[in-house]
Amino acid sequence: MAFINGRQYEFADLTLYLGGRDVSGFRGIKYTSKQEKEVLYGKGNRGMSIQKGNISHDGEISVTQSELETLKVLGGGSILGLNLNAVVCYGNPVKGDMLITDKLTGIQFTEESKEFKQGDKFAEITLPFICLDIQYQSI
């Protein structure tokens, strides 16, 4: 557990740089690293070892519609052809916080959708993505 001056990280401590740009209209981010694993069986009915396969990375970014429109301009009308890097930073070292920096490389969005409901005050768009690598580090 990482504490900042005795408290947990909160959303206000988070900064997202996507394609080299500080994204002010992002509402959430989620990313995961996964590895294929399979139990190897031989004689008997108990596993002998666990074999490891490919590692994959995916996630989703939730943004306001204005951020989506900015990304669409960058992508020439669609986000599906973009290839971006992202940096996710937690904390502020100027305030004495431990800085956590996650680097996501080769992000490509897999869907582009919009959803509006009656009573919405703004549109929140979820953009699923895959990426080539996620590097986790703390300073």
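The values are calculated or read from the model by the stated rules, or taken from the named source; none is laboratory data. This is a predicted model, so every value here is computed, not measured. Virtual Cβ from ideal backbone geometry, glycine too; neighbours counted across all protein chains shown.
The figures follow:
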quantity	calculated
Selection from segment 1-18 of residues that are at pLDDT 65 or above, among the charged types (D, E, K, R) and either surrounded by fewer than 16 Cβ atoms within 10 Å (Cβ to Cβ) or part of a loop (DSSP other than H, G, I, E, B) (or both)	Glu10
Pair list, Cβ under 9 Å, 6 or more apart: segment 52-70 residue closer than 12 Å to Glu111 by Cα, other residue part of a helix (DSSP H, G or I) and not basic (Lys, Arg)	Ile61/Glu67
Qualifying residue in segment 73-83 (condition: of a type in the set (Val, Ile, Thr) and without any contact (Cβ under 8 Å) to a residue 40 or more places away in the chain)	yes
Filtered residues of segment 119-134 (kept if free of Cβ contacts under 8 Å to residues at least 24 places away in the same chain and either among the small types (Gly, Ala, Ser) or within 26 Å of Ile100 (Cα to Cα) (or both))	Gly119
So Glu38, is it of a type in the set (D, E, K, R), more than 29 Å from Thr126 (Cα to Cα) and in contact with a strand residue (DSSP E or B) (Cβ under 7 Å, 6 or more places away or on another chain)	yes
Given (1) in contact with a Gly (Cβ under 7 Å, 6 or more places away or on another chain); (2) under 30 Å from Tyr9 (Cβ atoms), number of the condition Met48 does not satisfy	(2)
Boolean, Gly106 is within 17 Å of Gly20 (Cβ to Cβ), under 21 Å from the mean Cα position of the chain (by Cα) and free of Cβ contacts under 8 Å to residues at least 24 places away in the same chain	no
Residue within segment 84-99 that is among the aromatic types (Phe, Trp, Tyr), in contact (Cβ under 8 Å) with a residue 60 or more places away in the chain and farther than 17 Å from Cys131 by Cα present	yes
1 or more residues loosely packed, with under 15 Cβ neighbours inside 10 Å: qualifying strands (runs of 3 or more DSSP E) within segment 19-138	26-41, 47-64, 100-109, 124-131, 133-138
